[in-house]
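Everything below concerns the one structure shown next.
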Amino acid sequence: MLVLNNTSTQPVIFFLTGIPGLPSGQVWISIPFCLLYAIALSGNSMILLVVLREHSLHEPMYYFLAMLSTTDLSLSLCTLSTTLGVLWFEAREINLNACISQMFFLHSFTFMESGVLLAMAFDRFVAICDPLRYTTILTNARIALIGVIVLIKNVAVMVPVVLFVKKLSFCKSLILSHSYCYHVDVIQLSCTDNRINNILGLFTIFFTAGFDCFFILLSYILIIRSVLRIASSEERQKAFNTCVSHISAVAIFYIPLISLSLVRRYGHSAPAFVHTIMANVFLLIPPVLNPIIYSVKTKQIRKAIMKALIQKKCQI
């Protein structure tokens, strides 16, 4: 069996996979995928635009929402070209460097989303538990610092991951399970010992998404304890309503992530297309649903979007 690595004269080429077992239906399946990408890109762009343009939305909560939309937008763009390329044009080949680059950005933005959700949980904690100091705690400088910390932390943990992938050697059969480069998927094709890569990958998940998930849960335990102390049921309901959008965003990020992990480890008997669809759902559902949830549940965002649309219509 031919072994390929970075020093080989023969380049390492991976082959992406569309929907296994449904080759004839890939063009039709690409239609809902294309629609989901269009919704994700347009929805998050609209959220980002109205937050930047409307001075009434220049508040900590909406700055964090803009960060979430930026992350979702970037996450969608990471896989757009390869997914639609495979489904539309059977463009399955991707070289090692391009694959590693996509893997780096894909996982970095995924972990950044988790970090932004933690920042938004902190925002809700301060707003409910210490409302009088809300504006003094969450200043513009501190919000920018939080954004920089989320960016640097997640990029820093991904650098060793991709460097160790570069050290692997690969066999001739290089067929990936998805239409994009996923870390676990790539290292499983290695002909050399990949235990360090597996350990590093697990450490990265626990240090990012696991760490963030723990502190999000802790934030909501403290929020619930604080809200239950409020005497008026109307005020309690109002306080909880301010968290509904964020709780929904957390759910649609972590539930598919946990489900995908369980299916990859214990769902070996499931058809291959189930794994592929779940992997794409994990990447597309948060960018698609987050703008919809915040537009429906947040009155200020809804009004700003309607204002922007009316202005655009009048200009036409």
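The values are calculated or read from the model by the stated rules, or taken from the named source; none is laboratory data. Keep in mind it's a predicted model, so treat the numbers as computed, not measured. Virtual Cβ from ideal backbone geometry, glycine too; neighbours counted across all protein chains shown. Remember, those area values only see protein heavy atoms, side chains included, never the ligands or the DNA or RNA. Shrake-Rupley method; radii C 1.70, N 1.55, O 1.52, S 1.80 Å.
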Practice task
May I ask you to derive the FRET efficiency for residue 132 and residue 303 from their Cβ-Cβ distance with R0 = 22 Å, giving the value to the nearest 0.05?
Solution key: 0.25
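What is the magnitude of the charge dipole of the chain about its Cα centre, with +1 placed on the Cβ of each Lys and Arg, -1 on the Cβ of each Asp and Glu, and no other charges, expressed in debye to the nearest 20? Walk me through the numbers before you get to the answer.
Numbers: 23 positive and 13 negative charges, 112 e Å.
Charge dipole, the chain, about its Cα centre: 540 debye, nearest 20.
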Problem - Modelled FRET efficiency - R0 30 Å, residue 196 with residue 35, Cβ distances, 0.05 increments - result: 0.15
Fill in the blank from the handout: From DSSP H assignment alone, runs of 4+ in the chain each adding -39500 (n - 2.57), the sum over residues rounded to the nearest 500 puts [θ] at 222 nm at -25000 deg cm²/dmol
Practice task
Name the residue, out of 11, 20, 286, whose mean-square fluctuation peaks in a Gaussian network model built on the chain with Cα pairs under 10 Å.
Solution key: 11
Exercise for the section: Using 0.36 nm per residue of separation minus the Cα-Cα distance, give me the extension gain between residue 151 and residue 241 in nm, one decimal. Expected result: 29.5 nm
Exercise for the section: Under 23 Å Cα to Cα from residue 166, which lysines show up? Leave out anything in the same chain fewer than 8 places away. Expected result: 153
Fill in the blank from the handout: Expressed in nanometres to one decimal, the distance between label points 7 Å along Cα→Cβ at residue 55 and residue 251 is 3.8
Problem - Computed over the chain: relative contact order in percent, which uses C-alpha pairs under 8 Å that are six or more apart - result: 29
Problem - Residue among 83, 139, 110 with the largest mean-square fluctuation in a Gaussian network model of the chain, springs linking Cα atoms under 10 Å - result: 139
Handout entry: Heavy-atom surface of region 24-314, accessible at 1.4 Å and reported per residue (Å²)
Key = 50
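If you roll a 1.4 Å probe over the chain with all protein chains in place, what percent of the accessible area is carbon or sulfur? Could you put the intermediate results ahead of the total?
Details: 11360 of 16390 Å².
About 69 percent, which is the carbon plus sulfur part of the accessible surface.
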Completion exercise
Between the alpha carbon centres of region 241-264 and region 128-161 the gap in Å comes to 21
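Note the full-extension length gain between residue 175 and residue 226 as 0.36 nm times their separation in residues minus their Cα-Cα distance, in nm to one decimal. Let's see the in-between values first.
Details: separation 51, 0.36 × 51 = 18.36 nm, distance 5.21 nm.
Roughly 13.2 nm would be gained on extension.
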Problem - In Å, descending, principal axis extents of the Cα set of region 146-303 - result: 66, 32, 31
Exercise for the section: Quote the Stokes-Einstein diffusion coefficient, in whole µm² s⁻¹, for the chain, based on the Kirkwood radius over alpha carbon pairs, a temperature of 25 °C and a viscosity of 0.890 mPa s. Expected result: 116
Handout entry: Charge-dipole axis of region 24-314 as Lys and Arg at +1 and Asp and Glu at -1 on Cβ define it, positive-most pick from 42, 160, 242
Key = 242
Completion exercise
The farthest towards the positive end of the charge dipole of region 105-173, of the residues 107, 146, 131, given +1 on Cβ of Lys and Arg and -1 on Cβ of Asp and Glu, is 107
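Shape call for region 66-113 from the C-alpha gyration tensor, a ≥ b ≥ c root eigenvalues: rounded (a/c under 1.5), prolate (a/b greater than b/c) or oblate? Write down the numbers at each step before the final one.
Working: a/c = 4.20, a/b = 1.65, b/c = 2.54.
Taking the square roots of the gyration eigenvalues as a ≥ b ≥ c, region 66-113 is oblate.
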